[in-house]
Amino acid sequence: MLTSTADLRSFVVSQHKLGKKVGFVPTMGALHEGHLSLVEASAKQCDATVVSIFVNPSQFGPNEDFQRYPRTLENDLSLLQKTGYLQAGYMTGGEQDTAVEVFVPSITEMYPAGFDTSIHVGSVSQILEGKSRPLHFQGVATVVLKLFLASQADTAFFGQKDFQQICIVRKMVSDLNVPIEIVMCPIVREPDGLAMSSRNRYLSASERRQAVVLSQSLRLAEMMIVQDNIRDAAAVKRAAEQKIRTAPDAVIEYVSVADSVTLDELQRIESKPVILLAVKFGTTRLIDNLVLSL
Ligand code: AMP
């Protein structure tokens, strides 16, 4: 396990010297199948993988769940070990052995005293999640850029689950010429359709049962657009919202039918729309989305 950025860099340099391609999987821990799917994607596409586990304080607002965010390092490491990713630091990924390292920095390692730089990505970070979480994406962009530069990894793997986050990371990488490839991996869901999330554990039994309406509302939107050929975004949005409201404890923060690159709200649904939503159950805020190709 690596804890300093210097050791992280040495690890990647040593892999590069061996001619290996290095993948990077940034996480906040509390690992589940969704995270593991990113590790698997990296193991398939790269020769070595770094999984970072860091609950990044700068992406939490003052009234958000930074303090209570689950920290389960032992469990995370044993999960990676059980699936074979960390066995003796190596796993067998097809023809080649794939090294998997874990990077677990402290807060002061990432933000030493006097740290005073932040990355602000423009308009795409101001809407949707950015509206209710004003400094969230600034915190995300700053820590992600720092991880990219500290590691010098070749490819980074992100989940579609946080779709807006990927749009922001892609924009930052393109605007600032960061030499890294960004790969988006599909959303991993529970058998009933709920997108896996470290925050699902906050849900009460009743909220957990109700939370299935999120993916159901996305499926409904998909049916309307793909099967019924409906192109009126407002009608699709209304239907999705109605479906979510069948759950008595659901409080909708937003449902958006948007362009999947700019995230600008659509009036008429065209080629590659994304439907994004954020819904609260009690104090737990859940997000989900669906990207369509028409
Ligand atoms: P987090 O630990 O929540 O910051 O997530 C770390 C990475 O895992 C992000 O790129 C997320 O998009 C991704 N991720 C989280 N949940 C899922 C999921 N259910 N399916 C796929 N990727 C996910």
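Say a site is exposed when it is one of the chymotrypsin sites (Phe, Trp or Tyr not before Pro), sits in a DSSP loop, and has at most 16 other Cβ atoms within 10 Å; what is then the longest site-free stretch of the chain? Looking at the chain, 116-294 is the longest stretch - no exposed chymotrypsin sites (Phe, Trp or Tyr not before Pro) with at most 16 other Cβ atoms within 10 Å. The ratio of the alpha-carbon radius of gyration of the chain to the globular-protein estimate 2.2 N^0.38 Å is 1.02. Averaging Cα coordinates gives a centre for region 136-190 and one for region 240-294; these two points are 21 Å apart.
Once each part is reduced to its C-alpha centroid, what is the distance from region 53-87 to region 1-35 in angstrom? Each part's Cα centre sits 15 Å from the other's. Ignoring aspartates and glutamates fewer than eight residues from residue 237 along the same chain, the ones with Cα atoms less than 18 angstrom from its Cα are 129, 222, 228, 253, 259, 264, 265, 270, 288. For region 166-246, just say rounded, prolate or oblate: build the C-alpha gyration tensor, square-root its eigenvalues into a ≥ b ≥ c, call rounded for a/c under 1.5, and beyond that prolate if a/b exceeds b/c, oblate if not. Note, shape of region 166-246 comes out oblate. Within a straight-line Cα-Cα reach of under 26 Å, residue 171 can be paired with the following lysines, leaving aside sequence neighbours fewer than 8 residues apart in one chain: 21, 44, 131, 146, 161, 272.
Placing unit charges on each Cβ (+1 for Lys and Arg, -1 for Asp and Glu) gives the chain a dipole about its Cα centre, and among 289, 36, 221 the Cα reaching farthest toward its positive end belongs to 221. Helix 212-222 axis versus longest C-alpha principal axis of the chain: approximately 70°, rounded to the nearest ten. Charges were assigned to the Cβ only: +1 to each Lys and Arg, -1 to each Asp and Glu. The resulting dipole of region 198-288 about its Cα centre is roughly 380 debye.
For residue 51, the residues whose amide H sits under 5 Å from its own are 25, 101, 102, 103, ignoring neighbours fewer than 5 places away on the same chain, with H placed 1.01 Å from N. Expressed as an acute angle from 0 to 90° and rounded to the nearest 10, what is the orientation of the C-alpha long axis of helix 163-175 relative to the principal long axis of the chain? Taking Cα atoms only, the helix is inclined about 50 degrees.
Read-outs: derived from the displayed coordinates by stated rules, not from any lab. It should be emphasised that the depicted structure is a prediction, and the values quoted were computed from it without experimental measurement. So basically every Cβ, Gly included, is an ideal-geometry build from the backbone, and we count neighbours across all protein chains shown.
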